[in-house]
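Read through the structure below, which is laid out as structure tokens, and then see the notes.
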Amino acid sequence: MKEILKKSASEQRKALLNKEISAVELSQAAFDRIDEVESKIEAFNCLTKNTAMETAKKVDEKIAKGEELPLLAGIPLALKDNMNLIGYPTTASSKILENFVSPYNATITEKLLNNLVPIVGKANLDEFAMGSSTENSAFKKTRNPWDLNKVPGGSSGGSAASVAACEVTLSLGSDTGGSIRLPGSFCGIIGMKPTYGRVSRYGLIAFASSLDQIGPFSRCVKDAAMLLEVISGVDLKDSTSLDVPVEKYSTLLENNIKGIKIGVIKELMGEGVSVDVQKAMQNAIDTYKTLGAEIQEISLPYLKHSIGVYYIIATAEASSNLARFDGVKYGYRTKDARSLIDMYTKTRAEGFGPEVKRRIMLGTYALSSGYYDAYYKKAQQLRALIKSDFDKAFEKVDLLLSPTCPNTAFEFGSKTEDPLAMYLTDIATISANLVGIPGISVPAGFDTSGMPIGLQILAPQLQEAKLFNASYKFEQANDFCYKLANL
Amino acid sequence: METREKYEVVIGLEVHAQLKTKSKIFAPDGTEFGNEQNTQISPITLGMPGVLPVLNKRVVDMAILTGLALDSTIPSRCKFDRKQYFYPDLPKGYQISQYDEPICVGGHLDIAGKRIGITRAHLEEDAGKLVHAGSNGISGSNYSLVDLNRAGTPLLEIVSEPDMRSSDEAKAYVEELRNILRYIGVCDGNLEEGSLRCDANISVMLKGATEFGTRAEIKNVNSFRSLQRAIEYEIERQIELVEEGERVVQETRLWDDNLGETRSMRGKEDAHDYRYFPEPDLMPLEISQEWIDTIKATMPELPAAKRARYMSLGLNEYDAGIIVEQMELALFFDKIIELGANVKTSINFLMGEIAAYLKDEKLGISETKLTPENLVELVNLIEKGTISNNIGKQIIFTMLKDGTNASQIVEKQGLSQISDEGALKEIVQKIVSSNPEQVNAYKSGKIQLFGFFVGQVMKESKGRANPKTVNELLKEMLD
């Protein structure tokens, strides 16, 4: 592996500008690295070498002409394979979309291409982003670079593992209940979910529309801040995107956080949290105290309902969003159908995996006539109460802190037989999606077996700058943040 | 007939109006009718993975305008919902519609002195079209083809109260509603092309009963004639059932225009559970009073007001109704009034020769070469006595066909009226002296022969003789 691949995006940018390496060489180095480790990691559903090299060439032309270079020009990046890139397959790791080729670009894809970011490949995920381990992919088993017997987390497991294995410098994931932060935590990197509406969802295959949000993976806070700057902003193609100017997060990282008020979420610190994770949390609290933050305990009484609420709202929306995969227009269609209804049922029975089917059934049930009030409506009411919990907390503190996950990465197959145990992996992350606030997972140390632990920081709506600022300060104060997995 | 008299018929209508926007309700594709299949289909219309809807503001403008024309309330907030079912013409597996917070609430429409309540009007997207090979329906066909050009066309579904009591009232309601929609420019109201579609909810009850009977919903009615036929058929069917002691089933029935009957489509038992829930991809729609006021300022004269105005100008109710029913003709007529032509003479042309020509040629007034200015010139020539009414009635056809103006024709063909007594006297003298038998008969009391002489004079003058002067001269000479 070329040393440059281990560096941050800002260091790689410097090397490009100083002509120590060309953008084409940098992207080629990424593909060489993928050749080297992909058989172990299996992070990618497909590589998009043509577009990557084409973009890299444009970057080199700009450098040669001495033209100004966009912030992340030439930095190799992976897209989660539920984001559309024209002319390449977008599968959502589902058999039902196995042969689907995107006829259009997602808004984030457009932004990346305009900013001359080489897109290297499409990363594996839990089918339709439903899962916490990436084991639900119809195609492959992505492995955790820190221990190949363990899961990378999910659902953006391929995006996280590709960054942790230095196959790419940056990647994008989508987070519906923790799908960026959890794999970020399991893979020992930064994983960030922005405020709902900060990044356009146009072109992201929907799982749960009111919860989905695209966000960055990187190996350091500054890279994530830069990537969010590039992909954020209002989009006329997404009515739920927010028309609020995007701050230059990456230039606000050095701000002093002395006197900042940080709340530690009581409900996520005690029972069920492993000893190693508790220790890491204590270290995080101590770090912030040293940095001059005021720490207090915050209770969020409705938080305990978040998993229940989530699995009604998310599945209800998913049951609707996935109705379009019916074999009529694109994607998989059963070979053997005697009638229309037969075509529908067989196509969907053969095309979807078990977890997706489970969630479609749950969601369909929750929206059924006679059950709507008892489930969906009640869940929305509880969602409002959870939100008011957070609103009250943010009247007292600037940021909230918890582990990203009560435990570190687990072994393959250890939770696949018990969906509820799998769902509980998301206990700490889910509420940020229900409330629509930004959250980040920052490396916070290692457990006794050497697996990474993640610190989750949550901020009020649109307070991304504050979130990155506090994360950066934490990263600077601890040397474990830049550790790389030995492969 | 006697049995029928015992029953009261209750009809409510759901009218789907395609709004005449250039682009679709949630996508930038065009909405034109009749283009090559699957040419108006962006990834959004196709329901490609990852696409999102964006509301077309023009659709909202048109819905507000319609609401105001129907005296509806426009709530300050409405929202969109997903109505879910599987069908190949529905690309997303759900239709974006409005469930419990529609854009228009309440309102009414008047037909021949009766007020019909409007329950609500809500926005939704149209579905695509299916063509079945080897069968009328999807079952039994060898294969079916999907055309999604129409998918996503904006629809306003206008739901009436069950206030109509006969198929005549139902027809009058749809006609008046169609008129309003066309006058305010939101829908071209073409039942055959499906830009206006109508479902009828029909029930019967014994006269004087306080509770409505069980209703059936009739779909697939695509002309005024079939609307009336379908309603009449359904009334007979339901009365027969009740008379025989059977029950009317609540169900959806399909009108078959060829067989002239309705047949069961699906019953209540296997009715869809549409699993409505709020559309998470669209924010609730806030409509400010300012927005409503801006739209209100663009409201044109509505058909009822137009009819009243025409009657105040001296038109009878029938003529006023006929003119208003044909918007093009009414706008043409308005222009004529504006140009200050004699109303009575103008309306005689419009209702007479022009109407006959349009009917024969199957044209609309705008498809002819006749301009309001030319018609006004013609009317003025008659009023001034430059030409006779008869000549006017002859040359109007030329004007309709080739657009020449009246004075040109009159000059070119020498058609101006002969009112000069000297010239006319000569003709009258000639006719009287060449018909001695008739003169004798007339003089011996057969006074009805007077018309014969007038006719001969007119013939001899090629219709140019001023009839009034001819009458006077003939009387002078014969009496």
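The values are calculated or read from the model by the stated rules, or taken from the named source; none is laboratory data. Since the model is a prediction, treat every value here as computed from it, not as a measurement. All Cβ positions, glycine included, derive from the backbone under ideal geometry; neighbour counts span all protein chains shown. Heavy atoms of the whole protein, side chains included, go into the accessibility calculation; ligands, DNA and RNA do not. Shrake-Rupley method; radii C 1.70, N 1.55, O 1.52, S 1.80 Å.
Selection of first residues in segment B:331-349 that are open to solvent by 60 Å² or more (accessible area, probe 1.4 Å) and of second residues that are not in a helix (DSSP H, G or I), restricted to Cβ pairs under 7 Å at least 6 apart or on distinct chains, gives the following pairs, ordered by first then second residue: B:LYS344/B:GLY314.
Condition check for A:ILE427 on (1) among the hydrophobic types (A, V, I, L, M, F, W, C); (2) in a loop (DSSP other than H, G, I, E, B); (3) over 28 Å from A:SER241 (Cα atoms); (4) open to solvent by 10 Å² or more (accessible area, probe 1.4 Å): one failure, at (3). Residues in segment A:310-329 that are within 12 Å of another protein chain (Cβ to nearest Cβ), within 27 Å of the chain's Cα centre (by Cα) and open to solvent by 10 Å² or more (accessible area, probe 1.4 Å): A:ILE312, A:ARG324. Which condition does A:VAL234 not pass, out of (1) away from chain B (no Cβ under 14 Å); (2) surrounded by fewer than 24 Cβ atoms within 10 Å (Cβ to Cβ), if it passes all the others? Only one criterion is unmet by A:VAL234, namely (1). Taking the criterion of being among the hydrophobic types (A, V, I, L, M, F, W, C) and within 11 Å of chain B (Cβ to nearest Cβ), the only residue of segment A:330-340 that qualifies is A:LEU340.
Would you call A:THR90 more than 14 Å from chain B (Cβ to nearest Cβ), closer than 27 Å to B:LEU52 by Cα and of a type in the set (S, T, N, Q)? Here the answer is no, as A:THR90 does not meet what is asked. Taking segment A:341-365 as the range and being surrounded by fewer than 18 Cβ atoms within 10 Å (Cβ to Cβ), of a type in the set (A, V, I, L, M, F, W, C) and within 11 Å of chain B (Cβ to nearest Cβ) as the test, only A:ILE341 passes.
Scan segment A:323-348 for residues that are out of contact with any helix residue (DSSP H, G or I) (no Cβ under 8 Å at 6 or more places or on another chain) and part of a helix (DSSP H, G or I) and the total you get is 9. When you check A:ARG198 against the structure, is it farther than 21 Å from A:ARG33 by Cα and basic (Lys, Arg), yes or no? Yes: the conditions hold for A:ARG198.
Collect the residues in segment B:112-154 that are modelled with pLDDT under 95 and within 24 Å of the chain's Cα centre (by Cα), keeping them in residue-number order. Listed by number, the residues that qualify are B:ALA112, B:GLY113. Checking B:ASN220, B:ASN190 one by one, the residue that is at pLDDT below 95 and under 16 Å from the mean Cα position of the chain (by Cα) is B:ASN190 and no other. Within segment B:381-419, the set of residues being over 24 Å from B:THR469 (Cβ atoms) and in contact with a helix residue (DSSP H, G or I) (Cβ under 9 Å, 6 or more places away or on another chain) comprises B:PHE397, B:THR398, B:MET399, B:LEU400, B:LYS401, B:GLY403, B:THR404, B:ASN405. For segment A:381-414, the set of residues classified as touching a Ser or Thr at 6+ places or on another chain (Cβ under 7 Å) and under 23 Å from A:SER156 (Cβ atoms) consists of A:THR404, A:CYS405, A:PRO406, A:ASN407, listed by residue number.
Specify the residue that is least open to solvent (accessible area, probe 1.4 Å); the eligible residues are those in segment B:264-302 that are small (Gly, Ala, Ser) and modelled with pLDDT under 95. It comes out as B:GLY267.
Elements of the type helices (runs of 4 or more DSSP H) sitting completely within segment B:392-479 and holding at least 1 residues that are over 48 Å from the mean Cα position of the chain (by Cα) and within 30 Å of B:GLU377 (Cα to Cα): these cover B:421-434, B:467-478. Could you please let me know if B:LEU55 is facing another protein chain (nearest Cβ under 9 Å) and open to solvent by 20 Å² or more (accessible area, probe 1.4 Å)? Spelling it out, B:LEU55 is indeed facing another protein chain (nearest Cβ under 9 Å) and open to solvent by 20 Å² or more (accessible area, probe 1.4 Å).
Of all residues in segment B:62-115, exactly one satisfies the criterion of being closer than 23 Å to B:ARG275 by Cβ, crowded, with 22+ Cβ neighbours inside 10 Å, away from every other protein chain (no Cβ under 11 Å) and in contact (Cβ under 8 Å) with a residue 40 or more places away in the chain, namely B:ILE103.
Scan segment B:88-131 for residues that are aromatic (Phe, Trp, Tyr) and farther than 15 Å from B:THR45 by Cα and jot them down. Matches in segment B:88-131: B:TYR99 only. A single member of A:GLY203, A:GLY259, A:GLY188 is open to solvent by 20 Å² or more (accessible area, probe 1.4 Å), at pLDDT 95 or above and at positive phi, and it is A:GLY259.
Taken together, B:ASN35, B:ASN56 contain a single residue that is modelled with pLDDT under 95 and not hydrophobic (A, V, I, L, M, F, W, C), which is B:ASN35. Residue-level check: of (1) open to solvent by less than 40 Å² (accessible area, probe 1.4 Å); (2) in a helix (DSSP H, G or I); (3) over 30 Å from A:ALA164 (Cα atoms); (4) more than 10 Å from chain B (Cβ to nearest Cβ), A:ILE307 misses just (3). For the structure I just gave you, tell me whether A:GLU254 is of a type in the set (D, E, K, R) and open to solvent by 10 Å² or more (accessible area, probe 1.4 Å). The answer is yes for A:GLU254.
Quick grid of which residues meet (1) assigned to a strand (DSSP E or B); (2) touching an Asp or Glu at 6+ places or on another chain (Cβ under 7 Å); (3) within 27 Å of A:SER319 (Cα to Cα):
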| site | (1), (2), (3) |
| --- | --- |
| B:ASN35 | no, no, no |
| B:ARG82 | yes, yes, yes |
| B:ASP89 | no, no, yes |
| B:LYS92 | no, no, yes |
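Given the condition of a type outside the set (Gly, Ala, Ser) and part of a loop (DSSP other than H, G, I, E, B), answer yes or no: does some residue in segment B:229-243 qualify? No; the residues of segment B:229-243 include none that is of a type outside the set (Gly, Ala, Ser) and part of a loop (DSSP other than H, G, I, E, B).
When B:ARG253, B:ARG225, B:ARG237, B:ARG197 are checked against the criterion of being open to solvent by 70 Å² or more (accessible area, probe 1.4 Å) and not acidic (Asp, Glu), B:ARG225 stands alone in meeting it. Across segment A:431-448, the qualifying residues are those that are hydroxyl-bearing (Ser, Thr, Tyr) and under 18 Å from the mean Cα position of the chain (by Cα), and the one among them that is farthest from A:ALA224 (Cα to Cα) is A:SER431. Among all residues of segment A:278-297, there is at least one that is open to solvent by 40 Å² or more (accessible area, probe 1.4 Å), under 26 Å from A:THR429 (Cα atoms), more than 14 Å from every other protein chain (Cβ to nearest Cβ) and among the basic types (Lys, Arg). Looking at B:LEU302, is it within 24 Å of the chain's Cα centre (by Cα) and more than 14 Å from chain A (Cβ to nearest Cβ)? When the stated conditions are applied, B:LEU302 passes them.
Annotation note: of A:LYS14, A:LYS6, the sole residue that is under 15 Å from A:THR169 (Cα atoms), in contact (Cβ under 8 Å) with a residue 12 or more places away in the chain and surrounded by fewer than 18 Cβ atoms within 10 Å (Cβ to Cβ) is A:LYS6. If you check A:LEU112, A:LEU77, A:LEU116, A:LEU71 for being more than 14 Å from every other protein chain (Cβ to nearest Cβ) and either open to solvent by 40 Å² or more (accessible area, probe 1.4 Å) or modelled with pLDDT under 95 (or both), only one passes: A:LEU71.
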